[in-house]
Structure formats: C-alpha cells, structure tokens
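What follows is a set of notes on a single structure, which appears directly below.
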Amino acid sequence: MSTNVSVDHGGAARRPRRPAIGRWTRGFRAFYASLLIGTVLASLLPAVLFQPNSRVFLLKLGAAALLASLPGLLYLEFIRFKGQTLYDEYVINLFRLGIDRDCNLPAPPSHTSYYQRWKRDHDQLNTKSTDNLYRKKFEAVYGQQAVSTRGLFADPDSRPERSEGFFPVLLATVLLCVGWAMVVQPELYRNIDLLGGLPFSGRPQLPIEALGYGFIGAYWFILQDVIRRYFRDDLKTAAYVSASARIILVVIVVTIVSLASTSTSTQLNVLAFFIGIFPQIGVQILKAGVNKVFKGIVPSLESRYPLSDLDGLTIWDQARLFEEGIEDLHGLVTANLVDVILRTRIPVDRLVDWLDQALLYLHVPPESGGRKPRQALRALGIRTATDLERAWTSTDKDAAAVRQQLTEAIAGAADGGVAVVQMMLASLGSTSSFLHVQRFKRHDWLTDQPPARAA
C-alpha cells in the first residue's frame with residue numbers, strides 16, 4: 001500500500017506540498033470574509049461612535065448610495081459570470097424551430113444530435129467562408145467572447161470583442177442617485193452655501209413630494225425588472241436605457257397630472273406611486289381629461305389585439321416585449337422570431353405558446369354577431385392555433401362530431417360554417433410563424449431518438 005509521504009535528502013519524512021490552487025481558494029475565502037465583516041462594521045460603528053444627527057445623516061447617505069448603486073452592481077456581477085451556454089441553447093432552438101436550412105445555420109455543439117446532420121449538409125456547400133448571419137446576430141448582442149464554438153472559425157490568438165458599452169448603466173445610476181437624494185434628502189449638520197446668499201427664484205414649481213413617490217414606484221419596477229433579467233440571463237445595457245427613460249417619463253407625467261388633478265396631496269402621492277409602476281395610467285388620466293374638453297382630438301391608445309389577452313403574460317414580460325417594438329398580438333406574430341428569442345431570453349416554449357395563442361386570436365374575433373367564439377373554443381379545450389388545426393384534422397371515429405362543435409363555436413349554426421373554418425386554417429397555413437410553431441411542437445428532437453434497449 002503506497003503512502004502519500006515524501007522523503008528529503010536527510011531521510012526524514014515530510015508532508016507533500018499542497019497545490020497552489022488550495023492556497024488561492026483559502027485566500028479568496030479570507031478576502032470575502034474580511035469584506036463581509038468590514039461591511040457589517042462600517043454599517044454598525046456609526047451608530048456607536050457618532051451623535052444622533054450624524055447617525056441620521058450617514059444612514060440616509062448610505063441608504064441612498066446603496067439603493068442607487070444596486071441595479072448597477074447586479075450588472076457588474078452578471079457580466080462576470082455570463083457563460084457560453086447561452087449560445088448553445090440559442091443554436092439548438094434555431095434547429096428545433098426550423099428557422100432555416102441546416103446548412104445555413106451556425107454550427108451546433110458537437111455533442112448534440114444536430115451536429116452530424118449540420119456537418120453533412122454544410123460540407124455540401126463547398127465554401128470556405130466562416131461568416132454566418134445567425135451567429136453575427138448573437139455576437140451583436142452578447143459579444144464574440146460568448147460564442148462557444150468560436151474555435152471552429154476564429155483565430156485563437158485574436159482577442160474577442162465585447163458588444164456593449166457601460167454608459168447606459170452609468171446614466172441610470174446617476175438618475176437613481178438624484179432620485180434617492182430627492183427622496184431621502186441627506187443633510188449635513190451645518191449647511192454649506194455655495195452661492196453666497198444669492199436669491200432663489202423658486203421656479204419651476206414642481207410637486208416634489210409627488211415626484212418622490214413617483215420615483216419610488218419607478219424604482220420598484222426597475223429593481224424587479226433587473227432582478228428578473230439577472231436570473232433569466234437577460235441583463236443587458238438596454239435594460240438601463242429603459243430604466244432611464246422610465247424615470248424621465250414618470251417625472252414628466254406626474255408633473256402634468258399634478259396640474260390637472262383636484263385630489264388631495266395624499267391621493268396624489270398614491271397616484272404618483274402607481275404612475276411610477278404603470279406610466280400609462282397617468283397618460284390615460286390626461287387623455288380622459290382632455291376628451292371632456294376636446295372630444296375626438298386625442299387618438300386612442302388602446303390596441304384591438306392587446307398582449308394582455310395572452311395566458312401567462314405578466315407585466316414584466318409585456319414591458320420586455322415593448323422594448324423590442326412588440327406592442328400587440330400582430331406585432332408578436334410578424335416579429336423576427338430569431339431576434340425575439342435572442343434578445344428577450346424568454347423561454348422558447350413559453351414564447352412559442354404565446355405565438356400559438358396570438359395566431360388563433362388574430363383569426364378568431366372575440367365577438368361576432370352576439371357570440372363569443374374565443375370563449376366557445378376555450379370551452380372545447382381549444383386555446384391555440386395548433387389545437388384548432390389538430391382537432392379539425394383529427395381522424396378519430398368522432399371526427400365528424402368534433403368538426404360540428406368547432407363549426408358552431410366559430411361560425412355559429414349558419415350555413416357555410418365549414419368553409420369559414422377551412423379558410424381560417426388555410427390562412428394560418430400560409431403564415432410563416434405558424435409553420436415554425438408546428439415544427440417546434442412536433443418535438444422532432446424527441447421522436448427521432450432511437451428506442452431504449454430493454455434491460
């Protein structure tokens with residue numbers, strides 16, 4: 001039996017040296033432990049060493065700094081650990097959706113069942129070009145360093161480029177600092193007058209208290225959105241552009257609403273908080289007030305096919321789709337599916353299900369002749385376009401009864417109802433997004449697997 005003990009030149013036994021990685025690990029643990037203890041002491045010592053007025057000042061200053069920097073710190077933490085698994089998942093979903101011919105798609109991971117099929121088709125192109133449109137789309141969002149198959153086409157000595165700058169994060173952090181300074185208002189015991197007693201005009205007169213509550217509502221939404229994107233691997237600098245735009249928009253809307261509102265200060269503060277979360281509330285209030293005086297001048301802001309009709313769509317998902325220019329069901333159906341998958345990081349199964357619902361809702365009206373076709377279909381268990389297509393083309397023994405139920409649900413008992421359903425299915429079949437949904441829901445990557453051997 002061998003032992004892990006070495007002998008020096010004098011014959012005395014000595015223990016082997018521990019690997020250097022162990023010393024590095026202990027060093028990092030000690031550093032983080034010291035950092036944690038130092039943070040706790042820096043937070044508690046002012047409560048012991050300073051006078052009450054200084055404690056309040058430091059508490060306000062620390063709270064404003066921490067709350068304003070938290071979204072930016074989450075971004076710095078995110079870019080440290082953003083891995084290359086995002087690219088592998090992105091490429092595999094392109095194959096599952098049948099976005100393009102296999103030879104035109106980027107190289108899938110070599111350990112997947114798609115690799116041999118891609119390699120066979122790609123070799124038939126007889127091209128030496130290493131460019132690929134779908135890979136460049138990914139690089140434009142996440143940078144070249146996030147491409148896991150970069151070794152197949154890039155020079156190993158070349159340094160990969162990043163895709164995003166840091167300025168949007170800095171801008172959002174500055175606006176958050178200004179907002180929290182307005183809300184918390186940290187003041188020194190002795191104020192410093194930099195202007196030497198110059199007169200203050202007091203203009204413009206802004207509803208400072210209402211703006212503070214509006215900012216708190218906006219911060220609540222921004223923080224929730226950033227945290228959700230952090231866990232979804234979707235925390236890009238575009239999130240901070242939206243955060244900055246939301247803060248500025250809330251300031252404008254709350255200011256205008258305060259001019260037109262006849263509510264008490266408490267009611268205005270509560271309203272301002274909800275405007276920070278849902279800015280469209282303030283816009284609707286202003287629109288309602290204007291319509292009383294100028295009827296029909298302000299255009300309607302409501303969509304005939306709102307995204308809120310979709311099952312499972314939250315306000316966070318709706319805000320995320322708004323950033324990509326998708327404001328209603330028609331925008332979702334006609335959007336570039338590759339860009340939506342790449343930029344939103346919404347799980348592809350959920351996105352395909354929303355797309356499937358949107359296709360049905362665009363072809364089946366919510367009301368028609370006093371009937372409600374959508375509700376009638378839902379009562380039959382039909383909630384998506386593929387559900388309708390699968391039920392209509394069923395070959396079971398009850399297929400005739402199923403078709404009759406579907407005809408009555410969509411077109412009523414009038415003559416020609418069968419033709420209405422068939423024209424609807426023909427229209428769906430000519431839509432490219434419907435073909436991608438059908439391809440994905442066939443689950444080819446599961447059904448093509450060889451059967452398991454018996455034990």
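At a glance:
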| quantity | calculated |
| --- | --- |
| Subset of the stretch 349-358 that is surrounded by 19 or more Cβ atoms within 10 Å (Cβ to Cβ) and not aromatic (F, W, Y) - its residue that is farthest from F434 (Cα to Cα) | L351 |
| One residue from D123, D100, D131 being closer than 19 Å to R439 by Cα and out of contact with any Asp or Glu (no Cβ under 7 Å at 6 or more places or on another chain) | D100 |
| Criterion: modelled with pLDDT of 85 or more and surrounded by 11 or more Cβ atoms within 10 Å (Cβ to Cβ) - qualifying residue of R117, R162, R150 | R117 |
| Some residue of the stretch 427-450 being outside the structural domain of H111 (by TED's automatic domain parsing), of a type in the set (V, I, T), at pLDDT below 90 and not in a helix (DSSP H, G or I) | yes |
| The lone exception for S308 - which of (1) in the same structural domain as V420 (by TED's automatic domain parsing); (2) among the polar types (S, T, N, Q); (3) within 20 Å of the chain's Cα centre (by Cα) it fails | (1) |
| Count of residues meeting criterion [assigned to a helix (DSSP H, G or I) and either under 10 Å from the mean Cα position of the chain (by Cα) or over 14 Å from Q318 (Cα atoms) (or both)] in the stretch 223-243 | 13 |
| Meets criteria (in contact with a helix residue (DSSP H, G or I) (Cβ under 8 Å, 6 or more places away or on another chain) and either over 24 Å from G312 (Cα atoms) or assigned to a helix (DSSP H, G or I) (or both)) for I410 | yes |
| The listed residue being outside the structural domain of Y142 (by TED's automatic domain parsing), surrounded by 15 or more Cβ atoms within 10 Å (Cβ to Cβ) and at pLDDT 80 or above, out of L74, L97, L105, L66 | L74 |
| Residue tally, condition surrounded by 13 or more Cβ atoms within 10 Å (Cβ to Cβ) and part of a helix (DSSP H, G or I), over the stretch 77-94 | 11 |
| Conditions (1) β-branched (V, I, T); (2) farther than 17 Å from V141 by Cα; (3) touching a Leu at 6+ places or on another chain (Cβ under 9 Å); number of the one not met by I92 | (3) |
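Here is a yes/no grid of residues against (1) loosely packed, with under 13 Cβ neighbours inside 10 Å; (2) free of Cβ contacts under 8 Å to residues at least 24 places away in the same chain; (3) in contact with a His (Cβ under 8 Å, 6 or more places away or on another chain):
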position	(1), (2), (3)
S303	no, no, no
D309	no, no, no
Q318	no, yes, no
P347	no, yes, no
G369	yes, no, no
Q375	yes, yes, no
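The values are calculated or read from the model by the stated rules, or taken from the named source; none is laboratory data. Bear in mind the structure is a predicted one, so any value in this text is a computation, not a measurement. Positions of Cβ are generated from backbone atoms using ideal geometry, with glycine treated the same way; all protein chains shown enter the neighbour counts.
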